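Participant: The structure under discussion is supplied below as C-alpha cells; questions concerning it will follow.
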Amino acid sequence: MHGFSHFATPYTGIGVRDRVDGLGFIPALCIPHHNITPSNGRPRAVDSDEMLLRYPDQAAIGIDELAAVVVSDNQAWVVSADSDAACCVKRVVDDDEESVRIVTQKFLAADGPITLGNLLLLGKMEGMRKRRKLKR
C-alpha cells in the first residue's frame, strides 16, 4: 500500500500531498482519517480524489477515523470503535472517452470479511458494467 502524506514545505508553508511508498503488501493507496477535515479546511476525501486522478490506475482504501482494515490470510475486514466508522474503496472510472469519475464503495465492520482480491475489485465492477452499457 502507498501512503498518502500531508506535510508542509519549509519555504512556502503550502501543504503538499503526494504518494509515498509503503511496504508493498497491498497494491492500493491508503488514505488514513478519510472522513475528517483537518485544520487546513480541506476534507481528506476530497484530497484523496485529487490523488486518485493523478494515479488513475490505482485503487485507494480510505480508512475512517476510529476504524482499521485488518488483512490476514488473504482476507480483509474492518474493525471499528464506532459503528458509523467505515472503510471504503475508491477508484477512477472512465464513463466515456471525455469524462471520468470517482467510484466509492463503503464497507463496515458488520459486513464481515472479504477476500483481498475482491476488496480491490470493489468499484471496478461498476465501471466495467458502465462501459458495457455504453458499448451497446
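The values are calculated or read from the model by the stated rules, or taken from the named source; none is laboratory data. As the structure is a computational prediction, the values presented were derived from the model and not from experiment. Cβ sites come from the backbone with ideal geometry, for glycine too, and all protein chains shown count toward neighbours.
Participant: Can you give me the ranges of the strands (runs of 3 or more DSSP E) entirely in segment 1-114 with at least 2 residues that are over 12 Å from the mean Cα position of the chain (by Cα), surrounded by 11 or more Cβ atoms within 10 Å (Cβ to Cβ) and modelled with pLDDT under 90?
Facilitator: The strands (runs of 3 or more DSSP E) meeting that bar are 3-8, 15-20, 87-94, 100-107.
Participant: Hey, any hits in segment 115-123 for a residue that's assigned to a loop (DSSP other than H, G, I, E, B) and at pLDDT below 90? Talk me through it step by step, then tell me what you get.
Facilitator: Of segment 115-123, the ones assigned to a loop (DSSP other than H, G, I, E, B) are 122-123.
If we keep only those that are at pLDDT below 90 as well, we get 122-123.
Within segment 115-123 (the criterion being assigned to a loop (DSSP other than H, G, I, E, B) and at pLDDT below 90), the answer is yes, since at least one residue qualifies.
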